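Below is one structure, written out as structure tokens; comments come after it.
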Amino acid sequence: MADGSLCAWWCCAVACALAVVAADGVLVDITYVESAVAKGAVCLDGSAPAYHLARGSGSGENSWLVHFEGGGWCNNVTTCLQRKRTRLGSSKEMATQIAFSGILSDTPDGNPDFYNWNKVKVRYCDGSSFTGDVEEVDPTTKLHFRGARIWQAVMEDLLAKGMDKAENALISGCSAGGLTSILHCDRFHDLLPLAARVKCLSDAGFFINEKDVAGVGYIAAFFNDVVTTHGSANNLPPSCTSMLPPGMCFFPKNEVKQIHTPLFILNAAYDSWQVRNILVPGVADPHGKWHSCKHDIGQCSASQLRVLQGFRGDFLKEVSEQANSDSRGLFINSCFVHCQSESQELWFSSDSPKLGNTTIANAVGDWFFGRSSFQKIDCPYPCDSTCHNGIYEDSSQA
């Protein structure tokens, strides 16, 4: 799989996701953080960072949900230049309104525990999971690698709008945004009042360092390039960078044990993005033997399913090592899907995925408010009839 095709896939995937979300959520206006520009906290193209804020009400007036958008990473000048011309690299290309649904829904029927909170979706335009910080700007490319500054500027803006008085706060995110919530979990906690209940949720952000079907460690090399290009090392948790090369600190298994803030890991054991882009990238399958399987798990042969069960085993080994206290939450189902908190039908509806007869929304809510702990791992595919398994587009998008 070429780096460019990986980034192109992310752009197409985000476009499709936004189209689906718009069908079932309330539209929320964009807020540009213009004051961030003077601090150098800007998108890849130098434009101001942005977020969408739906104000809380009633009992949720002093509760905050800060959700980080996903969208992959760019790992070199070429892929970052491609990204710079899209909403994943420029706030000038972002829709001025987006739909809030799932964990961002404003109805108790769709989001029982967080519906009346202050809900924020932070737009993603830096390509480094909000970790980059390179002072110099090449006059030719005019690329700005400033993700860490964006994170700080957005947090300062939200604190000034009332988050400094938060009684409850949850940082969350999908995919690259789910990784953001892990990398910045303790940092987010440190910004808020000592008496506040603060926790973190990572949705589809637990990426594993798995070799592909050709035996090549593609994703490790890719993350190393991301960290090098964006100058991310100083903004990754020092508990990890003091022991490992910085690129390895993009893998949550090397982070989570050192996180002090309560963390909930929501992930599919057969994460569809990881299967298509880590386990079976295009370059690892030149003859297309995996073409049907990696886009629709129902089309996998018996031998391919054995490989996927091996991937699940490796994934569960890394995840299970992290659930070492009641403060940790786990919802690991056996679905072929990527991101489950933003979609209304997956988060909370009549036929949502369940573990132990509990929906994702109820599991996260019970864990957040301390009503009960939740650490459940599903049986192997195809045992779970509540899954909404994805069927994906042609590999030209992968």
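One line per residue, one yes/no per condition, for (1) out of contact with any Cys (no Cβ under 9 Å at 6 or more places or on another chain); (2) farther than 23 Å from I208 by Cβ; (3) open to solvent by 10 Å² or more (accessible area, probe 1.4 Å); (4) at pLDDT below 95:
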{"site": "V280", "(1), (2), (3), (4)": "no, no, no, no"}
{"site": "D296", "(1), (2), (3), (4)": "yes, no, yes, no"}
{"site": "Q299", "(1), (2), (3), (4)": "no, yes, yes, no"}
{"site": "D314", "(1), (2), (3), (4)": "yes, no, yes, no"}
{"site": "V319", "(1), (2), (3), (4)": "yes, no, no, yes"}
{"site": "F348", "(1), (2), (3), (4)": "yes, yes, yes, no"}
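For residues that are among the hydroxyl-bearing types (S, T, Y) and in a loop (DSSP other than H, G, I, E, B), scanning just region 42-80, find the one that is most open to solvent (accessible area, probe 1.4 Å).
Restricting to residues being among the hydroxyl-bearing types (S, T, Y) and in a loop (DSSP other than H, G, I, E, B), the top hit is S57.
Out of everything in region 363-394 that is open to solvent by 50 Å² or more (accessible area, probe 1.4 Å) and touching a Lys or Arg at 6+ places or on another chain (Cβ under 9 Å), what residue ends up being modelled with the lowest pLDDT?
My answer is Y392.
Residues that are in contact with a strand residue (DSSP E or B) (Cβ under 7 Å, 6 or more places away or on another chain): list the helices (runs of 4 or more DSSP H) wholly contained in region 264-347 that include at least 2 such residues.
The helices (runs of 4 or more DSSP H) meeting that bar are 302-320.
Residue by residue, here is whether (1) out of contact with any Leu (no Cβ under 7 Å at 6 or more places or on another chain); (2) of a type in the set (S, T, Y); (3) more than 16 Å from M155 (Cβ to Cβ) holds:
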| position | (1), (2), (3) |
| --- | --- |
| S35 | yes, yes, no |
| V42 | yes, no, no |
| L53 | yes, no, no |
| R85 | yes, no, yes |
| T96 | yes, yes, yes |
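Report, ordered by the first and then the second residue, all pairs with beta carbons closer than 6 Å, sequence separation of six or more or different chains, a first member in region 16-36 that is open to solvent by 70 Å² or more (accessible area, probe 1.4 Å) and modelled with pLDDT of 90 or more, and a second member that is assigned to a strand (DSSP E or B) and small (G, A, S).
L27/A99; Y32/A50
Scanning region 190-222 for residues that are in contact (Cβ under 8 Å) with a residue 60 or more places away in the chain and more than 30 Å from G370 (Cα to Cα), which turns out farthest from the chain's Cα centre (by Cα)?
Looking at the filtered set, the residue picked out is A214.
Go through region 348-357 and report how many residues are among the polar types (S, T, N, Q) and either within 19 Å of R371 (Cα to Cα) or assigned to a strand (DSSP E or B) (or both).
1
Got a sec? Which of R83, R146, R123, R87 is touching a residue at least 40 places away in the same chain (Cβ under 8 Å) and open to solvent by 50 Å² or more (accessible area, probe 1.4 Å)?
Testing whether each residue is touching a residue at least 40 places away in the same chain (Cβ under 8 Å) and open to solvent by 50 Å² or more (accessible area, probe 1.4 Å) leaves just R87.
The values are calculated or read from the model by the stated rules, or taken from the named source; none is laboratory data. These figures come from a predicted structure and were not determined experimentally. Reconstructed Cβ throughout: ideal geometry from the backbone, glycine too, with neighbour counts over all protein chains shown. These area figures cover heavy atoms from the full protein model, side chains too; ligands, DNA and RNA do not enter into them. Shrake-Rupley method; radii C 1.70, N 1.55, O 1.52, S 1.80 Å.
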